[in-house]
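The next block holds one structure in the form of structure tokens; read it before the comments.
Where a number appears in this text, it was derived from the coordinates with a stated rule and is not lab data. As the structure is a prediction and not an experimental result, all values here were calculated from the model. Please note: Cβ atoms are built from the backbone with ideal geometry, for glycine as well, and neighbour counts cover all protein chains shown.
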Amino acid sequence: MLAENSEPDFVIVDVNGIGYNILVSANEASLLPPEGSRVKLYTYMAVREDAQKLYGFLTRESLTLFKMLITVNKVGCKTAQDILGALAPDELRLAILSGDEKTISKCPGVGPKMAQRIILDLKDKIDPDTVFTHIPPGTVSMETAGSRGLGEAAKEALEALTALGFSASQSGAAIRSLSGTEDMTSEDIIKEALKYIR
């Protein structure tokens with residue numbers, strides 16, 4: 001596919017001589033290659049009585065999150081795309097899993113109630129495996145409350161969970177409920193602990 005012309009909210013893609021007007025977020029638009037370059041977009045067609053619109057994404061994960069968002073009551077295609085324009089996929093998944101309503105409500109067109117609804121509806125649909133491999137090291141200090149009696153991997157898991165917004169006591173209880181943590185990596189502990197918390 002060939003990117004022929006782009007604007008802040010759409011790109012025209014030439015496919016074998018046919019131009020398709022594809023709506024993209026400001027974030028996606030800024031990542032597009034120069035005019036005339038080849039581009040691959042993952043698309044979603046929204047069909048309504050009065051219009052047919054194509055929404056485009058540079059990655060399959062963005063498209064997947066878009067489809068998840070539009071399943072939430074009162075989250076339309078434009079709002080879903082605005083959310084993905086404001087938050088990177090990792091940021092959005094982390095915000096949903098940790099119940100970070102403030103981060104989501106900062107997105108255009110999203111208030112606290114909609115943010116709560118997004119978290120409630122999608123928390124169980126987000127795979128922790130897609131998130132926890134991206135937690136930056138040293139997110140919180142090694143002095144995290146509730147870490148006494150835990151091995152190093154468990155302490156790291158506790159820090160990561162508290163960085164995600166879970167309380168230290170809640171995270172500590174979840175980790176202590178697991179058996180054999182001394183033989184597990186911090187990522188494995190986080191994944192198992194999250195099942196307990198949820």
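Here are some notes:
- Net lengthening on full extension, LYS123/ILE197 (0.36 nm per residue, minus Cα-Cα): 25.5 nm
- Placing dummy labels 7 Å off each Cα toward the beta-carbon, the span from ASN73 to GLU91 is 2.9 nm.
- Modelled label reach - ARG48, point 7 Å along Cα→Cβ, region 72-103 residues with backbone N closer than 15 Å: 74-82
- Hypothetical label at ASP14: residues of region 23-65 whose amide nitrogen lies under 17 Å (7 Å Cα-Cβ projection): 33-41
- Overall form of region 60-126 per C-alpha gyration tensor (a/c, 1.5; a/b vs b/c): rounded
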